[in-house]
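The values are calculated or read from the model by the stated rules, or taken from the named source; none is laboratory data. Keep in mind that this is a model prediction, so the values were computed, not measured. When we count neighbours, we look across all protein chains shown, and the Cβ atoms used for this are built from the backbone with ideal geometry, even at glycine.
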Amino acid sequence: MVSAPSGAGKTSLLKALLEQDEMLHVSVSYTTRPQRPGEEEGKDYHFVDEETFLQMVDEGAFLEHAHVFDNYYGTNREEVTSQLEQGYDVVLEIDWQGARQIRANLSGTVCIFVLPPSEEILRQRLTDRKQDDPEVIERRMLEARDQISHYPEYDYLVVNDDFLHAMDSMRAIIAAERLRQEHQIDELRQQLGNLLT
């Protein structure tokens, strides 16, 4: 799971990582927020109305869901399970509330928090992307402080001060997690047996 305050750069980092690693898949969240220019249905989000979203909640369709900035977001249980069963490493791009729910519902999760290098740079990034008016940017800045306060709940912290350096850090985390014994034991069982007899 990857979390970050809005504007920290997690989406750009994940997009670049996905282009380089075919065994890494991102789970496409459901949301009730309006589709932004350039976003694609089923690629960036599954865009649904509030009634549909709440019906899915009642049906238990989500591993996690949250209400953020007046909109709902959720991770589809079936989609994640299917990708994991196919052997993919599934990345969930969610906030701290969602990360907490996922940890409670899915064992073996790894949580990464992407931090901006400073408050000033975060504000500048939010302003430069020209998606929000000043009032929304101020709300996002307040929300950023709240989100960052939950950093102790994460396994790894990555500061996105230099994009390539942050990408290297993310790649190193993924490589280290794939090398954990519990992820390799099935593949190496016979080899280990031969080495120990």
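Which ones in region 15-62 are among the aliphatic types (A, V, I, L, M) and in contact with a helix residue (DSSP H, G or I) (Cβ under 8 Å, 6 or more places away or on another chain)?
Across region 15-62, the qualifying residues are A16, L17, L24, V26, V28, V48, A61.
Given the criterion within 12 Å of G7 (Cα to Cα) and out of contact with any Lys or Arg (no Cβ under 6 Å at 6 or more places or on another chain), identify the matching residue among L122, L92.
L122
Conditions tested, residue by residue: (1) aromatic (F, W, Y); (2) in contact with a Leu (Cβ under 6 Å, 6 or more places away or on another chain); (3) within 24 Å of I148 (Cβ to Cβ).
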residue: M1; (1), (2), (3): no, yes, yes
residue: S6; (1), (2), (3): no, no, yes
residue: Q20; (1), (2), (3): no, no, no
residue: M23; (1), (2), (3): no, no, no
residue: G42; (1), (2), (3): no, no, no
residue: E51; (1), (2), (3): no, no, no
residue: F62; (1), (2), (3): yes, no, no
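Any residue in region 71-90 that is in a strand (DSSP E or B), in contact with a helix residue (DSSP H, G or I) (Cβ under 6 Å, 6 or more places away or on another chain) and crowded, with 18+ Cβ neighbours inside 10 Å?
So far as region 71-90 goes, yes, one or more of its residues are in a strand (DSSP E or B), in contact with a helix residue (DSSP H, G or I) (Cβ under 6 Å, 6 or more places away or on another chain) and crowded, with 18+ Cβ neighbours inside 10 Å.
Output yes when any residue across region 110-123 is assigned to a helix (DSSP H, G or I), within 22 Å of S29 (Cα to Cα) and in contact (Cβ under 8 Å) with a residue 40 or more places away in the chain, and no when none is.
No, the conditions are met nowhere in region 110-123.
Out of all the residues in region 94-109, is one or more surrounded by 15 or more Cβ atoms within 10 Å (Cβ to Cβ), modelled with pLDDT of 95 or more and either over 16 Å from Q147 (Cα atoms) or not acidic (D, E) (or both)?
Looking through region 94-109, none of the residues is surrounded by 15 or more Cβ atoms within 10 Å (Cβ to Cβ), modelled with pLDDT of 95 or more and either over 16 Å from Q147 (Cα atoms) or not acidic (D, E) (or both).
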